[in-house]
1. Net charge around Val89, counting only other residues with Cβ within less than 10 Å of its Cβ (Lys, Arg = +1; Asp, Glu = -1)?
2. Please identify every one of the chymotrypsin sites (Phe, Trp or Tyr not before Pro) in the stretch 110-164 that sits in a loop by DSSP and has no more than 14 other beta carbons within 10 Å of its own beta carbon.
3. Per residue, how much space in cubic angstrom lies within the convex hull of the C-alpha atoms of the chain?
4. Would you mind computing, in nm to one decimal, how far apart the modelled labels at Asn350 and Glu94 are, each placed 7 Å from Cα along Cα→Cβ?
5. Packing-wise, with mean Cβ within 10 Å as the measure, how do 171-184, 40-53 rank, highest first?
6. One quarter of the convex hull surface, Cα atoms only: what value does that give for the stretch 3-151 in nm²?
7. On full extension of the chain, what length is gained from Lys408 through Arg207, given 0.36 nm per residue of separation minus the C-alpha to C-alpha distance?
8. So for the pair Ser28, Leu41, with labels modelled 7 Å out along Cα→Cβ, what separation do we get in nm?
Amino acid sequence: MKKILLFISALLVILICVLVFNTITLKSKQLVTENGEPLKLETDSNAIQHLSEAIQINTISYSDSLKMAEARPHFDSFIVFLKNTYPLVFSSLEDTIIHGRNILLKWKGSDAGLQPAMLYAHMDVVPIEQNTLPEWKHAAFSGAIADNYIWGRGALDDKGSLISIMEALTRCLQKGLKPVRTIYIASGSDEEVGGRTGAATIAQYCRDNKLHMGFYLDEGLVIAQGVVPNLKKDVALIGTAEKGYLTIELTVNMPGGHSSKPQKETALDVLVKAVKNVHDKPFDEIAAPSTREFIDYLASEMPMPSKLVFANKWLFNGLILSVYSKTDAGNALIRTTGVTTVMNAGLQDNVIPSKVSAKINFRILPGQTTNDVVARVKEVIHDERVHISPIDVAEPSQSTSADTWGFKLLQKTSAEVFPDVVVAPSLMLGSTDSKHFSDVTDATYRFFPNRMDNEAIGSIHGINERIKIPYFMETIRFYENLLGNLQTFSATNKK
């Protein structure tokens, strides 16, 4: 017995030594910056006014084709606004309008042997819920400049990005920058409703003209403030993968009738049970490749004891996943999620409905497929009375490694503009237009270089959307530096 205890003690000592050694020898994946202090940038009043004016043009996109046709004049006005506001850009770059209201600009490089790059930002915005209008501090399409913010729908999603790119391009042209690598600037008109007549048509134009990108940057994750658990520093989260999208409709048809003579089980009873079964049996926790890299990049920046845990994920992987599963955002990072978003049942309180339906929206981890989700739903419902129909499908993206030159480029640019920020790859939970370009680029990144706390993130598609003016200045500088850095990385990425 004594020998067994001694043996166990020896194993524990060895284990502790291994854990400590891994923690002490853990190397940071962050780039070294000179002072680690935020840059002090001058305020560009023209850029502020330009974003304000962009917000004032109501470019709401709709799923309904008739409504979208009625909205067409707003998109026409927005394109005219861009051309009038950025004459140097449109006179210096080749300008192609695709499908009537989508922009593709070409800044031709001197080396045709280099794979081109694309920066993308959509011009459309989501509608405003009418019952929330009184809660807006400034009118939703006012573009108000107040309290050190620019207010209105699209300030963050995604006109803030588009206008920043245009401002950065103008600065580069004014400085006489001559690109070595050809750079495309693209803007679609219906990202908020799937991008089928916007980004999809731009991507098809690329296929038709045999354009293949070595680098593609879209909207996505942000510089998160106070979002990553146990880390006080701001974190630039660069989306290197994107979850898939699937909506499943559940339909039940059973005899209805008068509510005074209810059956033992109604169509609504069956539907509610099916929905509950899906809710009560979530998918397993899994660390996708982008999430594993996220842990690797943040491990050295964590305080103790989190640093020890992250440095030894071979032992503590289950603990890390368990911790992240306790928050909504963390849970979405480590599993395929499903949530009921629509239920249709009943016309009157004394009538038992005969046909009822529900829609469950899933966001799918890379490595799993929409077919996997459908099979799992059928398994957990296990009721032939429930008809299961996939109605909106987008497979998860491929993962782009943090070892790619494009990620290193974004990390270098972030270190220049945000020297106080930690950079890490991560998984994009929402859906972007990047899904349409998966076969016309070697590497896809989803990153809006703007600092946001939870309140700012919550204003996207919500109430009081606004961008902080100093952070807007940083975003412009990021794109300006990125356009220049794309040239210094030129020699590393031939066709």
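The values are calculated or read from the model by the stated rules, or taken from the named source; none is laboratory data. Here the structure is a predicted model, which means the values were calculated and not measured. Here the Cβ is made from the backbone with ideal geometry for all residues, glycine too, and neighbour counts use every protein chain on show. Accessible surface areas use protein heavy atoms only, side chains included; no ligands, DNA or RNA. Shrake-Rupley method; radii C 1.70, N 1.55, O 1.52, S 1.80 Å.
1. Working: positive: Lys83; negative: Asp95, Glu167.
Summing Lys and Arg as +1 and Asp and Glu as -1 gives -1.
2. Working: sites: Tyr120, Trp136, Phe141, Tyr149, Trp151; in loops: Trp136, Phe141.
Sites meeting the loop and neighbour criteria: none at all.
3. Convex hull of Cα atoms, per residue: 194 Å³.
4. 7.2
5. 171-184, 40-53
6. Values: hull surface 81.5 nm².
Answer in nm², one decimal: 20.4.
7. 69.7 nm
8. 2.3
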